[in-house]
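To start, the structure under review is shown below, and the notes come after it.
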Amino acid sequence: MRIADYDQALFHTHRSDWDSLLVLMVRTKDHFLSKKIEHFLHAYRFEHDYQIVQSQLYALLRYLDHAAEKTSDYLSELPS
């Protein structure tokens with residue numbers, strides 16, 4: 001788990017930088033993050049129904065929020 005991956009995913013999503021998001025999808029060690037990015041990019045490219053694209057985007061953003069929160073909680077529990 002790297003919190004930098006979650007920050008980068010949020011940054012690239014916010015800027016609509018799909019090429020960099022695709023590179024992050026391939027390089028990240030977080031399998032769930034990779035799948036969420038894959039599902040969103042596939043929907044963005046191939047779906048004609050905006051509600052599906054929107055639901056995939058929200059699923060990605062919810063996962064980013066959850067993963068970043070859990071990672072920061074885990075890091076705060078580590079002894080100094």
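Annotations for the structure displayed:
- The distance between label points at Leu57 and Asp19 comes to 2.1 nm (points 7 Å beyond Cα on the Cα→Cβ vector).
- For the stretch 15-28, Karplus couplings with θ = phi - 60° (6.51, -1.76, 1.60), whole Hz, Gly/Pro x: 8, 6, 9, 5, 5, 5, 5, 5, 4, 4, 4, 6, 8, 5
- Across the stretch 1-75, Cα pairs under 8 Å and at least six residues apart give a relative contact order of 34 percent.
- Shown for the stretch 12-56: the carbon plus sulfur share of the solvent-accessible area, taken with all protein chains present and a 1.4 angstrom probe, equals 52%.
- Shape analysis of the chain yields a ratio of the Cα radius of gyration to the Kirkwood radius, Rg/Rh, of 1.02.
- Segment Arg2-Lys35, length gained on full extension (0.36 nm per residue, minus Cα span): 10.3 nm
The values are calculated or read from the model by the stated rules, or taken from the named source; none is laboratory data. Please read these numbers as outputs of a predicted model, since none were measured by experiment. Methodologically, a virtual Cβ is constructed for each residue, glycine included, from the backbone with ideal geometry; neighbour enumeration extends over all protein chains shown. To get the accessible areas, we keep the full protein, side chains included, count just its heavy atoms, and leave off ligands, DNA and RNA. Shrake-Rupley method; radii C 1.70, N 1.55, O 1.52, S 1.80 Å.
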